[in-house]
Every structure is written in C-alpha cells, then in structure tokens.
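Structure first, commentary second.
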C-alpha cells in the first residue's frame, strides 16, 4: 500500500471528517466532548494519517472522491442518452408522417412511394 499523501489530506480534511462522522455517528453531537474529539481527530489526521487506525479513512475519502467524479460522468451520459432518445423519437415521428402522406397522395404501389421508402 502507498503511504497517504499528506498534502491531499490537508486539502481534503473536510471530506475525511465527513466520512469519519458517517462511520462514528455518535460523535456528531454538539457537546464539548464530541467537539473536542472531532478537533483532536482532525489535528491528528492533519499531522499524519499513516497509522493503522486512520488509513481506512484516507482510502475511503480517496474512493469517495473518485466515486463522485464517476457519478457525474454517468449522470451526464444518462442526460445525453435521454436527449438523443427525444430527438430520435421526433425524427421517427416526422418519417412516419411523411410516409403516411406519400401513401395517401400516391398510393403504396406507386413508383414515387417506392423510390422514397423502399
């Protein structure tokens, strides 16, 4: 395993602390003991996260950041797909309307209809 990157940790300490509080929800309280624990934990992590008890938080935070990035890509791709489906349905509707008009005007066996749609 690679050592935790301390500069990244200092820049993303809030993300790490959110993960710590998700894992330790009883420490979210507003009492002095909880605030002190959070402050001490934050200070320890800023000094060094290279201990067996703190490394999991580091890897979860790194994973969370990558996961968020991938979710944004997936969301954008789904939005694009839905937009393409809408456009495709509009073109299908126009095609079907044009085909119906050609059938009505020239008939299904006419050379004009066959030239365009067959």
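Each value in this text was obtained by applying a stated rule to the coordinates, not by laboratory testing. If you're wondering where the values come from, they're calculated on a predicted model, not measured in any experiment. Glycine also receives a Cβ, built like all others from the backbone with ideal geometry; neighbour counts cover every protein chain displayed.
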Measuring from the longest principal axis of the C-alpha atoms of the chain, the long axis of helix 13-23 (C-alpha) lies at a number of degrees, nearest 10, equal to 90
Can you tell me the order of 8-15, 75-82, 107-114 when each peptide is scored by its average per-residue count of other Cβ atoms within 10 angstrom, highest first? 8-15, 107-114, 75-82
Hey, what angle do you get for helix 55-106 against the long axis of the chain, alpha-carbon based, 0 to 90 degrees rounded to 10? 10
Round to a whole angstrom and tell me the spacing of the C-alpha centers of the stretch 57-85 and the stretch 3-52. 25
With Rg/Rh (Cα atoms, Kirkwood Rh) defined as stated, name the option among [x] 1.53; [y] 0.97; [z] 1.37 computed from the structure displayed. [x]
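Can you figure out the FRET efficiency of residue 28 with residue 5, using R₀ = 22 Å and their beta-carbon distance, to the nearest 0.05?
Details: r = 27 Å, r/R0 = 1.23.
Efficiency for this residue pair is about 0.20.
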Taking the Cα atoms only, what angle lies between the long axis of helix 32-47 and the longest principal axis of the chain, rounded to 10 degrees? 80
